[in-house]
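Down below is the structure, laid out as C-alpha cells.
The values are calculated or read from the model by the stated rules, or taken from the named source; none is laboratory data. Bear in mind the structure is a predicted one, so any value in this text is a computation, not a measurement. For neighbour counting, all protein chains shown are included, and Cβ atoms are generated from backbone atoms with ideal geometry for every residue, glycine included. Note: accessible area is taken over every heavy atom of the protein model, side chains too, but ligands, DNA and RNA are not part of it. Shrake-Rupley method; radii C 1.70, N 1.55, O 1.52, S 1.80 Å.
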Amino acid sequence: MTNLEYIRMKIPDKDTNNQIFTDAELQQIIKDNSEIRLIVAEPKDFEGKIYQIPYRHLDETYTERVFIDSVETTDFTLDKETGEITFTNAVNGIVVVQAKVIDWNNVLADCYEMIMGDFQKLNSYSIQNASQQYDNTKPHLRYLANYYRSARGWDL
C-alpha cells in the first residue's frame, strides 16, 4: 500500500470520482510532517535475525540506512509498512536505522483542518455515510484534528 493509499484510507477519501484531496495536496501534507531520524531497533527473535523499529509506514521514497555498532551494512531487507528489518545472518550488536519517519497523526490532523477550512472539501466530506448538517460536521472535524494533533517537539 502506498502512502497516498494509506492516508486516503484513514481520512476516508477513497472515492475516485469525488476525492476530497488531490495527490499533490496529500504529498505536500506528508512531506510537511516527515523527518529523518536515527532509530534504535529492538531484536524480535532469539536468533538475532529480525529486528523491529517502532514506526510503521515509512516514507516510500527514502532509502534507509542500517548501522550495526556504527558500521553501515547493506545485508538486510526492511519492510516499510511494518518497520521490520530482516538480516540474512545473526546480528550481535546495536542496530540503528536512519529512516524518514512520517508523523501520521499530524498528517491526519492537517487533513481534517483543511477539510474544515475549505467549503468545497467540507461539502464533499461525509461522516460514515450519515447525512449531517454543516453545524454538526465542523465540531466533529475540530474534535478529530485536536485528537490527532500532537505537541511539536513532544518526543524530543
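Report, by residue number, each residue of the range 54-80 that is part of a loop (DSSP other than H, G, I, E, B) and exposed (fewer than 13 other Cβ atoms within 10 Å of the Cβ).
P54, T61, T63, D69, S70, T74, D75
With respect to E25, is the statement that it is over 22 Å from Q98 (Cβ atoms), charged (D, E, K, R), in contact with a helix residue (DSSP H, G or I) (Cβ under 8 Å, 6 or more places away or on another chain) and open to solvent by 40 Å² or more (accessible area, probe 1.4 Å) true?
Values: over 22 Å from Q98 (Cβ atoms): yes; charged (D, E, K, R): yes; in contact with a helix residue (DSSP H, G or I) (Cβ under 8 Å, 6 or more places away or on another chain): yes; open to solvent by 40 Å² or more (accessible area, probe 1.4 Å): yes.
Yes; evaluated as a whole, the condition is true for this residue.
Take the conditions outside any loop (DSSP other than H, G, I, E, B), out of contact with any Cys (no Cβ under 9 Å at 6 or more places or on another chain) and under 30 Å from A145 (Cβ atoms) and apply them to R37. Does it pass?
yes
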